[in-house]
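Engineer: I'd like to ask you about the structure that follows.
The values are calculated or read from the model by the stated rules, or taken from the named source; none is laboratory data. These figures come from a predicted structure and were not determined experimentally. For neighbour counting, all protein chains shown are included, and Cβ atoms are generated from backbone atoms with ideal geometry for every residue, glycine included.
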Amino acid sequence: MKVIKLVAAQDLRYEKFNGAKSAPYQFELYRKLQKLGWSSLLLLSTTVLIANGATAQIKLEAPTSQPSSDRDRLLLQIDRYNDREIEQVTNVNQLRDVSPGDWAYEALRSLVERYGCIVGYPNQTYRGQQPLSRYEFAAGLNACLNQIERLIASSEAVTREDLETLQRLSQEFEAELATLSTRIDNLEGRVAFLEDHQFSTTTTLSGEVVFGLASILAGDDAQGNEIDRVPVFGNRARLSLNTSFTGEDLLLTFLQAGNFPFFSEVTGTFEGDLGFGAPENNDLGLLTLSYYFPVGDRTQVVVEGTGGFSYDFADTLNPLDSYDDSGSGAISFFGNRNPIYNQVAGTGIGAKTELGDNFEFSLGYLAGAANEPFEGSGLFNGPYAALGQIVFKPIDSLKFGLTYVHAYNASDTFTGSNLANLRTLTETELGEAVPTSSNSYGVQASWQLSERFIISGWGGYIKNSILSTLDGTIERGTQDIWNWGVTLAFPDLVKEGSLGGIVVGMEPKVTNSSVVIPGLDNEDRDTSLHVEAFYQYQVNDNIAITPGVVWITAPNHNNDNDDLVIGTIRTTFTF
């Protein structure tokens, strides 16, 4: 039984997309500040030193601690000014926190009226008591020098006393000014290099490669037969082209190739299947094509061209779900999320919006055969799933979610017993999938008790209806399918960036059924448990090694089968 799982990974890729774009934006900000003259940095110290009659002593000190490199120092300064907007002052009385009684009032007035060398903050304040570094002072002084040079060139009046003062200050800060000029030249050169060598001005590339070593360590298949203990080594590679046209939108083109096997082909049940399986032969194909864009400040919309899933626009409330098919986080398919999210991969639209500060609402529609112009296919006549979800966040560390999914001829959940995946079962046994309609209900919760411990869980119920008989072999009826899970997450366990995880739950089980399947039980006999543990050790920002194990009691919900144990070591490279 071969199953191909197509899962989009929007949240992770969007984070990488924004991170990849941040550095060029900072460089551009730095250049714009230089073009503005840095006059916002010419605070009270400048006015004291170069204005008439100002005699106060100013102590200028270098910072007591410096970042480790020139680049770090540069980015630190950019961060300081990133949220500061300045406005030109034409009259000193525009500054609300400067009054005629201030000892530096005349100095400020002189600089404003004679040289236009003072600016204020958008709230009409000057903040004269705010400290500044020598680099800041040098940059502000350079701005005033440029202004006075312009005045001299245009034959406007500049007093000899001011020129002598400025000459003395220019000599005193000659080293700082030279350093600042050199750093700006270097920075502009680096920006020019990036602009000349980037393959696109709108697109960045990110990727993930998974190497998986795994083996079935113990247990029987769904028919009670002993399974060979054959270790396997496989891979899965994904490339994400992240394109933005406005800086707030994202066109996602997601490619995949791989050969890591699905153990369900050997075990005869979806229970315990590892989540990073991929189609065989390392054939490269398009996994996901989607476009994300904001509508207002609180709503994000996604148009799914292909390979879309409901959890692209709906929060699954599980910290072990990294939205990358177990490339990180939980190692099993079941450990990622409530299985009701798994129905129908395809084409459609979804939206997520914030309703105030405490509520989040998601809504979406996905069709599994939208591009097929045949009867029983298409955007509305073929397989589809419609989802609605509301999430309540009373505090930042606590979330509750209620989910509803209506589906027609939907894909199976690819977790749980064979009876709980009836379309796949009938297609395998009879050569044709039985027509179904289902209503699914889910409840989720997540509580971050501390920075290093999060407890989450879910419960899911599917009411599955068989719409018609199949070749006279299966009669119409309904199924009640239940599942539940509890997850424990331990962020930064032992090392910052690492993650420990435990999953305990029951994969989908048919508890009640009126469907008659010749030669098969119509209900699952017993109850099996899914127990999973892993430790994701973050070697560095780009490499993680994750040993883990999945233990399934009574596989396929049948106590006659010996417990199934699957072990793996997953190595993930991200770039």
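Engineer: Somewhere in segment 460-472, is a residue at pLDDT 95 or above, surrounded by 17 or more Cβ atoms within 10 Å (Cβ to Cβ) and closer than 23 Å to Pro394 by Cα?
Structural biologist: Checked segment 460-472: at least one residue is at pLDDT 95 or above, surrounded by 17 or more Cβ atoms within 10 Å (Cβ to Cβ) and closer than 23 Å to Pro394 by Cα.
Engineer: Oh, and also: Select from segment 543-575 the residues that are more than 30 Å from Gly224 (Cβ to Cβ) and aliphatic (A, V, I, L, M) and write down the one among them that is surrounded by the most Cβ atoms within 10 Å (Cβ to Cβ).
Structural biologist: Ala544
Engineer: Picking from Tyr341, Tyr384, which residue would you name as being aromatic (Phe, Trp, Tyr), touching a helix residue (DSSP H, G or I) at 6+ places or on another chain (Cβ under 7 Å), surrounded by 24 or more Cβ atoms within 10 Å (Cβ to Cβ) and touching a residue at least 40 places away in the same chain (Cβ under 8 Å)?
Structural biologist: None of the other options fit; the residue is Tyr341.
Engineer: Being in the same structural domain as Gly277 (by TED's automatic domain parsing), more than 30 Å from Glu271 (Cα to Cα), at pLDDT below 90 and assigned to a loop (DSSP other than H, G, I, E, B) is the requirement here; does Gly224 meet it?
Structural biologist: Considered against the rule, which asks whether it is in the same structural domain as Gly277 (by TED's automatic domain parsing), more than 30 Å from Glu271 (Cα to Cα), at pLDDT below 90 and assigned to a loop (DSSP other than H, G, I, E, B), Gly224 comes out as no.
Engineer: While we're looking at this one, here's another question. Would you pick out the residues in segment 425-437 that are modelled with pLDDT of 90 or more and surrounded by 21 or more Cβ atoms within 10 Å (Cβ to Cβ)?
Structural biologist: Thr436
Engineer: For the subset of segment 216-241 comprising residues that are buried (at least 17 other Cβ atoms within 10 Å of the Cβ) and under 33 Å from the mean Cα position of the chain (by Cα), which member is farthest from Leu419 (Cα to Cα)? Steps first, answer last, please.
Structural biologist: Start the filter on segment 216-241 by keeping residues that are buried (at least 17 other Cβ atoms within 10 Å of the Cβ), which leaves 216, 219-222, 227, 234, 236-241.
Of the ones still in play, those that are also under 33 Å from the mean Cα position of the chain (by Cα) are 216, 234, 236-241.
Numbers: Ile216: 23, Gly234: 29, Arg236: 29, Ala237: 32, Arg238: 32, Leu239: 35, Ser240: 36, Leu241: 39 Å.
Restricting to residues being buried (at least 17 other Cβ atoms within 10 Å of the Cβ) and under 33 Å from the mean Cα position of the chain (by Cα), the top hit is Leu241.
Engineer: Which residues, counting only those in segment 513-542, are in contact with a helix residue (DSSP H, G or I) (Cβ under 8 Å, 6 or more places away or on another chain), surrounded by fewer than 16 Cβ atoms within 10 Å (Cβ to Cβ) and over 12 Å from Leu419 (Cα atoms)?
Structural biologist: Asp526, Thr527
Engineer: Then there's this: I'd like to know if segment 253-273 contains one or more residues that are at pLDDT 95 or above, of a type in the set (A, V, I, L, M) and crowded, with 24+ Cβ neighbours inside 10 Å.
Structural biologist: Scanning segment 253-273, I find no residue that is at pLDDT 95 or above, of a type in the set (A, V, I, L, M) and crowded, with 24+ Cβ neighbours inside 10 Å, so the answer is no.
Engineer: Related question: Please go through segment 457-491 and pick out each residue that is in contact (Cβ under 8 Å) with a residue 40 or more places away in the chain, among the charged types (D, E, K, R) and over 15 Å from Ile517 (Cβ atoms).
Structural biologist: Result: no residue meets the conditions.
Engineer: Inside segment 354-379, can you point out the residues that are among the polar types (S, T, N, Q) and surrounded by 14 or more Cβ atoms within 10 Å (Cβ to Cβ)?
Structural biologist: Hits for segment 354-379 are Ser362, Ser377.
Engineer: Of all residues in segment 460-474, count the ones that are in a loop (DSSP other than H, G, I, E, B) and of a type in the set (A, V, I, L, M, F, W, C).
Structural biologist: 1
Engineer: Here is a follow-up. Filter segment 302-317 down to residues that are of a type in the set (S, T, N, Q) and either surrounded by fewer than 24 Cβ atoms within 10 Å (Cβ to Cβ) or within 14 Å of the chain's Cα centre (by Cα) (or both) and give me whichever is nearest to Ala445 (Cα to Cα). Before you say what the answer is, go through the steps one by one.
Structural biologist: Pass one, segment 302-317, residues of a type in the set (S, T, N, Q): 306, 310, 316.
Subsequent filtering for residues that are either surrounded by fewer than 24 Cβ atoms within 10 Å (Cβ to Cβ) or within 14 Å of the chain's Cα centre (by Cα) (or both) retains 306, 316.
Numbers: Thr306: 29, Thr316: 9 Å.
The qualifying residue nearest to Ala445 (Cα to Cα) is Thr316.
Engineer: Right, another one. Could you say which residue among Ser332, Ser328 is closer than 30 Å to Tyr537 by Cβ, of a type in the set (Ser, Thr, Tyr) and touching a His at 6+ places or on another chain (Cβ under 9 Å)?
Structural biologist: None of the other options fit; the residue is Ser332.
Engineer: Let me ask another. Would you confirm, using the coordinates I've provided, whether Leu320 is in contact with a helix residue (DSSP H, G or I) (Cβ under 7 Å, 6 or more places away or on another chain) and surrounded by 22 or more Cβ atoms within 10 Å (Cβ to Cβ)?
Structural biologist: On the way: in contact with a helix residue (DSSP H, G or I) (Cβ under 7 Å, 6 or more places away or on another chain): yes; surrounded by 22 or more Cβ atoms within 10 Å (Cβ to Cβ): yes.
The answer is yes for Leu320.
Engineer: Give me the pairs: first residue in segment 176-201 and over 29 Å from Ser133 (Cα atoms), second residue modelled with pLDDT of 85 or more and of a type in the set (Val, Ile, Thr), beta-carbon distance under 9 Å, and six or more apart or on different chains, which are they?
Structural biologist: Between residues of segment 176-201 that are over 29 Å from Ser133 (Cα atoms) and residues that are modelled with pLDDT of 85 or more and of a type in the set (Val, Ile, Thr), the close pairs are Gln198/Thr204; Ser200/Thr243.
Engineer: Can I ask one more? Quick one: how many residues across segment 477-504 are assigned to a strand (DSSP E or B), among the small types (Gly, Ala, Ser) and surrounded by fewer than 17 Cβ atoms within 10 Å (Cβ to Cβ)?
Structural biologist: Number of matching residues: 1.
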